[in-house]
Amino acid sequence: RVVKWLIPLLSHPEISTLYYIFSKEMFGLVVFGITFCAQAQHHVTGQKTTCSGDTAHVFYAPAWSHYDIEPIPPNYPGVHCPVCEANGNILPLALASVKDNLDFNLTNSVLEAINVSKTHPVGHRTVLGRFEGMLKEDPRDNILPDNQTVCLTRGVPMKFSGPYWDNSVGMARLRWEAFLDLYEKMGGTIDELVLDTEQGVSTWEISCNGWSWQTPECTELLWDSIANDHRFGPIYKLLEQFNVTKNASDPHWLSNKMKNCMGHAAQVWNAVMTNVTTDYFNQMAVEPLRALFPNARANQYSYYSQDPNLCVLDPGGAESCTIPTYNGSIVGTHQTLSLYNTFPGNGAIIIKDRGYHRYTENAFNTFKYDGNRARMLAANGFPFKPWLAFHNFSRDTRDSDYYAETVIHAAVMGADNLLFFNPNYKGCPPGGCVSGADNALFSNILVELTAVIGCTKREWIVAPPARAIPIVNQTLEQTIFGGDWDDEYFLSGIVLPDAKVTVYRFTPNTTSVNPNPKSYIESSAGGKIVLKIPSPKGNFTFLQFNSSSVFETEAPVSSAGLWIVSKSTAATIDAM
């Protein structure tokens, strides 16, 4: 059986690139991930594939903390990073605090943010918007009865706004507008706003978190108060679209439907609430920002457009991505998702027609999981910018180069730069915060990405048959990846039109028997590279790249993958 897909890309009239995949089974063609390791300043030598002048792109990463901004924690040496200073590509986030208290000094906060942002390159002046003590806190948004006694915190009746944040958001917006107005008048510029409020109205935040104070009676009151509010009508219409309907004879119908925290009704609720809070965040933070800085980019942590056709479980095993967003909107201009190499708690990777699939927790499967989560974002049409943790953060990938492969593949999928979670605070335990070596590694990964795919115009190759073949009678795995999750490699590719090349990243599941990616090269004669990859079922997959060569740097940040550069911007893929 031969299944053929043609990917029409910017065509090169003389050269074409062919993949041939030979196997008794249909194998997955593309999965994305990255792994990089390096401790010294990274120098890239030899031919560069990337662009120059106006077509060049430098990879930067706004970072949670920095080597020269926050103090080195006591008894935790090595945070200082000369390599980062030399490379200049890790940018400390300028903190834009918008606090709701009387002793808050707005002028000092603005000056601090301006001074930090001035250390960023033009076009990358990035601030972290903080709204401490402001969201869901306005007492006018409280929907619980004043005389209720079943929801108490420290013996005091609890305040609860549910999904109705109108007053809180309105007050936060006024204070944010004051910050922005003074910031602009004092000469500050904002090219990008990063939000990390981590506040929402999911089932976990209402009733699935296991708080010791939350009794069944309190849980019932919270859900009843949401359903009985006069503003519930538009929310109910959205729930109803996905078969979450009320039982007229049950006054506690919403509470009862939400008792199964992993059930269909709960996942529909979570998806709908993502859209409701998306609208609030855009009203509160993005609209005022773009009124003064029209071209500013913006994102909110872990907010992205969900598509039921491209669904990968979140680390907790939730299925909310099977419910689409109702308006296709995101917070600001970019989606974000944390790719922290955290294996799903229940071991399940993907769900759809074939149900849950469980895989062994190891470095390669963890890398593959995050690669596919990134691909879920890359394929839905919105720009994305993932958060990446530091190398030592994950127990699964800290001893391998699959951490670096996660970063690389996210970039090859077209991520518009990256966000770096590298916490560094006083009293941080060893291993709990970033080290100087962690910072240096991430900085060197950015250098390598700039050298290999550093073009402003980058066009990710959507792996066939992603969205090209209807889902009818197809499993999710086939629809996204063209094969099974048992494939022993990830392959991602990106077209660089201005450089007139296509760049691929190949990452196999290396073992003690075959740990070197170069050992998968079956032949490389006449500008034609053939890779031979063993399958878990005893046969082999062959990948053929025409007019191609292996691209090597002097000190690769990862030994787990290969760069392959093709002198072509057109590709045909055959599966046999």
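The values are calculated or read from the model by the stated rules, or taken from the named source; none is laboratory data. None of the values given here were measured: they were computed from a predicted structure. Note: ideal-geometry Cβ built from the backbone for every residue, glycine included; neighbour counts use all protein chains shown. Surface accessibility is based on the protein's heavy atoms, side chains included, excluding ligands, DNA and RNA. Shrake-Rupley method; radii C 1.70, N 1.55, O 1.52, S 1.80 Å.
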Within the stretch 522-549, which residues are open to solvent by 50 Å² or more (accessible area, probe 1.4 Å), in contact (Cβ under 8 Å) with a residue 12 or more places away in the chain and closer than 22 Å to Asp487 by Cα? Glu522, Lys532, Pro534, Pro536, Lys537, Phe540, Phe542
Taking the conditions exactly as written (closer than 30 Å to Thr119 by Cα and either among the polar types (S, T, N, Q) or under 27 Å from the mean Cα position of the chain (by Cα) (or both)), does Trp204 satisfy them or not? no
Taking the stretch 418-433 and keeping only residues that are at pLDDT 85 or above and crowded, with 22+ Cβ neighbours inside 10 Å, one is left with Leu418, Leu419, Phe420, Asn422
Please specify each residue of the stretch 369-402 satisfying the condition of being in a helix (DSSP H, G or I) and farther than 23 Å from His334 by Cα. His391, Asn392, Phe393, Tyr402
Any chance the stretch 230-238 includes a residue that's open to solvent by 80 Å² or more (accessible area, probe 1.4 Å) and under 28 Å from Trp387 (Cα atoms)? no
For His120, the lone unmet condition from (1) within 24 Å of Ala411 (Cα to Cα); (2) open to solvent by less than 60 Å² (accessible area, probe 1.4 Å); (3) touching a Gly at 6+ places or on another chain (Cβ under 7 Å); (4) modelled with pLDDT of 90 or more is (3)
Test Asp196 against the criterion of being within 16 Å of Val127 (Cβ to Cβ), of a type outside the set (A, V, I, L, M, F, W, C), under 30 Å from the mean Cα position of the chain (by Cα) and modelled with pLDDT of 90 or more, and give yes or no. yes
Checking the structure you have, find out if any residue of the stretch 100-112 is within 30 Å of Phe551 (Cα to Cα), at pLDDT 85 or above and open to solvent by 30 Å² or more (accessible area, probe 1.4 Å). no
Candidate set from the stretch 230-245 (those that are among the aliphatic types (A, V, I, L, M) and assigned to a helix (DSSP H, G or I)); member that is nearest to Gln267 (Cα to Cα): Leu239
